[in-house]
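Worksheet for the structure shown next.
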Amino acid sequence: LWLRALGEGLRRAHTTISAADSAGKLTAVFTRATPSPALVAQLTTLVNDSDPRVRLQLAFTLPLAPALAHAFTQLAARDHADAWISAALLSAPPDALNATLLPAFTRELATAQAAAPFVAKLIEIRAASSSALERTALIDFVAQPGTNPLWLRALGEGLRRAHTTISAADSAGKLTAVFTRAQPPPTPKLLSPNASPRSRCSRSRLLRPPSPPFSPVSPPANPPICKTPRSRSSRSTPCPPSPPRSRLIGAI
């Protein structure tokens with residue numbers, strides 16, 4: 001735990017263990033932490049364990065030794081879509097993620113697209129923990145045709161965490177084409193001032209709000225009043241009931 005905390009603190013200080021330990025005092029610690037070949041084989045078989053709880057614990061264990069990098073990649077390829085195991089994988093030290101998982105998932109564009117949300121997290125961590133020179137390869141990957149919008153957003157978020165911006169990191173302007181492709185096509189003008197009056201009239205109908213839906217008129221509550229001429233003394237009386245429709249059809 002102390003070794004991992006040291007690495008995390010150095011990462012927040014924008015440096016690495018190898019840079020801080022120029023005398024190599026931690027080499028013996030890493031040598032003692034190297035697992036035996038038998039242990040590597042046993043842990044590799046657990047990658048395909050049917051119990052997700054075993055694989056969850058394995059996600060916390062595999063990043064601790066470089067000898068387990070292959071098993072770490074296999075587990076990520078299998079369970080990167082699982083919310084719990086994915087969170088455990090991404091909790092690994094940035095050096096392990098940048099050296100193992102990011103190259104494995106970004107080697108082919110189809111593989112990266114199949115795990116786009118997980119790759120976006122890897123890109124964000126890489127952008128936040130890498131130097132300006134190391135970000136060049138990352139920008140090249142994001143700038144290629146067929147890139148995912150999640151990756152562009154993750155790159156910007158990672159650079160923000162590193163206290164920089166996309167414009168400062170991409171001094172060569174490689175991402176300009178990406179932003180150009182992301183712009184929507186211009187909307188045609190429906191009412192051009194140079195159009196003819198008839199054209200403006202016909203196009204203005206497209207801007208009218210839709211008509212309300214048709215609703216049948218309910219019949220009057222009171223019966224209609226007969227307007228047959230009568231004597232002045234007689235008052236208007238309701239019309240007699242109309243004959244049944246069957247009689248009318250028979251008469252026709």
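The values are calculated or read from the model by the stated rules, or taken from the named source; none is laboratory data. Note that the structure is predicted; figures quoted are calculated from it, not measured. Counting neighbours? That spans all protein chains shown, and the Cβs are built from the backbone with ideal geometry, glycine included.
Restricted to helices (runs of 4 or more DSSP H) entirely inside the range 108-227, those with at least 2 residues that are at pLDDT 90 or above, of a type outside the set (A, V, I, L, M, F, W, C) and within 25 Å of Q74 (Cα to Cα) are 109-114, 116-129. Of the residues making up the range 30-38, not a single one is modelled with pLDDT of 80 or more, exposed (fewer than 11 other Cβ atoms within 10 Å of the Cβ) and within 19 Å of L97 (Cα to Cα).
Criterion applied to A115, A143 was being over 22 Å from L3 (Cβ atoms), touching a Leu at 6+ places or on another chain (Cβ under 8 Å) and hydrophobic (A, V, I, L, M, F, W, C), and the one residue passing it is A143.
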